[in-house]
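Asker: Sharing a structure here in structure tokens format.
The values are calculated or read from the model by the stated rules, or taken from the named source; none is laboratory data. Quick caveat: nothing in here was measured; it's all calculated off a predicted structure. So basically every Cβ, Gly included, is an ideal-geometry build from the backbone, and we count neighbours across all protein chains shown. Heads up: the accessible areas ignore ligands, DNA and RNA and are worked out on the full protein's heavy atoms, side chains in. Shrake-Rupley method; radii C 1.70, N 1.55, O 1.52, S 1.80 Å.
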Amino acid sequence: MRRKIILLFLLISTLAACSMDKNEVKDSPLYEGLDLTIGVVGKIPDVRERNIVFKSIDLNDIRKGNLSSKYDAIFIMKEQLIEAARAPYANIYKNSGIPFFFIESKKSHVPFVEAEIEYEAFEDTDSGEYASGYYEIGDSGKSFGYGLYNDTVNEVNILDVFSRIFMTIEQVNMKN
């Protein structure tokens, strides 16, 4: 019996230590706003929210335009960043009427919206951002940055970033 109590104590201690990770965001709010439809160029991310619909698209779909009638935002995932930063897309990001988010780009939004800047040549920002975003309406552009808690890459912190991005998308949509 004493052995079982000791094992139980060790198990509880281990679980408590794991849940007290100082490099993990605590009490991250879940996005519970409006349903959102997001086009994703690349691998569709795993998220906690149930009110998000992801549609897999490619860069040719972005070139076709008319994005704002189908999507609330577009995510460009890491594996597509270099191609998505090519010059022809810069005007699309600026004129589409919806926000674009560049997931795991260490170079901010700049090489995506400035046609003359090459992605590979643009310096890493060292900002600690996991994702950056850009939205332009009229002559006014707005950028967004989302860092990971304590700059630690783990599932909990990444899920938190996506929840915060969804909140931004809802705010942008409410202003339109």
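Asker: Rounded, prolate or oblate, given the Cα gyration tensor of segment 136-176, with a/c below 1.5 counting as rounded?
Answerer: oblate
Asker: Toward the positive end of the charge dipole of the chain, about the Cα centre and with charges on Cβ (Lys, Arg +1; Asp, Glu -1), which of Tyr130, Leu67, Met167 goes farthest?
Answerer: Met167
Asker: Between Arg48 and Lys22, 0.36 nm times their residue separation minus their Cα-Cα distance comes to what?
Answerer: 7.3 nm
Asker: Give the carbon-plus-sulfur fraction of the accessible surface of the chain in %, rounded to a whole number; probe 1.4 Å, heavy atoms of protein chains only.
Answerer: 52 percent
Asker: Assuming R0 = 30 Å, what is the FRET efficiency of Gln171 and Asp151, from their Cβ-Cβ distance, to the nearest 0.05?
Answerer: 0.75
Asker: What span do the alpha-carbon atoms of the chain cover on each of the three principal axes, reported in whole Å from largest to smallest?
Answerer: So the three principal-axis extents are 71, 36, 26 Å.
Asker: So which GluC sites (Glu not before Pro) in segment 73-116 are both in a DSSP loop and have at most 12 other Cβ atoms within 10 Å of their Cβ?
Answerer: Values: sites: Glu79, Glu83, Glu104, Glu114, Glu116; in loops: Glu104, Glu114, Glu116.
Within segment 73-116, the qualifying GluC sites (Glu not before Pro) (loop, at most 12 other Cβ atoms within 10 Å) are Glu116.
Asker: Taking the Cα centre of segment 46-133 as origin and charging only Cβ (+1 Lys, Arg; -1 Asp, Glu), how large is the dipole, in debye to the nearest 20? Present the calculation step by step, with values, prior to reporting the outcome.
Answerer: Details: 11 positive and 16 negative charges, 114 e Å.
For segment 46-133, the charge dipole is close to 540 debye.
Asker: As a test of the formula, what do you get for the chain when each DSSP H run with n ≥ 4 contributes -39,500 (n - 2.57) and the sum is divided by the residue count, at 222 nm and rounded to the nearest 500 deg cm²/dmol?
Answerer: Numbers: 6 runs with 62 residues, N = 176.
Calculated at 222 nm, the ellipticity per residue is -10500 deg cm²/dmol.
Asker: Running a GNM on the chain with Cα contacts under 10 Å, which residue among Thr37, Thr125, Thr152 ends up with the highest mean-square fluctuation?
Answerer: Thr125
Asker: Find the accessible area per residue for segment 66-112; the probe is 1.4 Å, ligands and nucleic acids are left out, and the unit is Å².
Answerer: I get 39 Å² per residue for this part.
Asker: Please state the shape class of segment 32-133: rounded when a/c is under 1.5, otherwise prolate if a/b exceeds b/c and oblate if not, all from the C-alpha gyration tensor.
Answerer: Oblate, because a/c is 1.5 or more while a/b does not exceed b/c.
Asker: Write down the percent of antiparallel bridges among all DSSP beta bridges whose residues are both part of the chain, to the nearest 5.
Answerer: Working: 12 of 25 bridges.
If we restrict to bridges inside the chain, about 50 percent are antiparallel.
Asker: Compute the Cα gyration tensor for segment 94-176, then decide on rounded, prolate or oblate, letting a ≥ b ≥ c be the square roots of its eigenvalues: rounded whenever a/c is under 1.5, prolate when a/b is larger than b/c in the other cases, and oblate in all that remain.
Answerer: Taking the square roots of the gyration eigenvalues as a ≥ b ≥ c, segment 94-176 is oblate.
Asker: Only Cα pairs within less than 10 Å get springs; with that Gaussian network setup on the chain, which residue of Lys26, Lys106, Lys78 has the largest fluctuation?
Answerer: Lys26
Asker: Using a Gaussian network model on the chain with a 10 Å cutoff between Cα atoms, which of Gly128, Gly147, Gly138 fluctuates the most?
Answerer: Gly138
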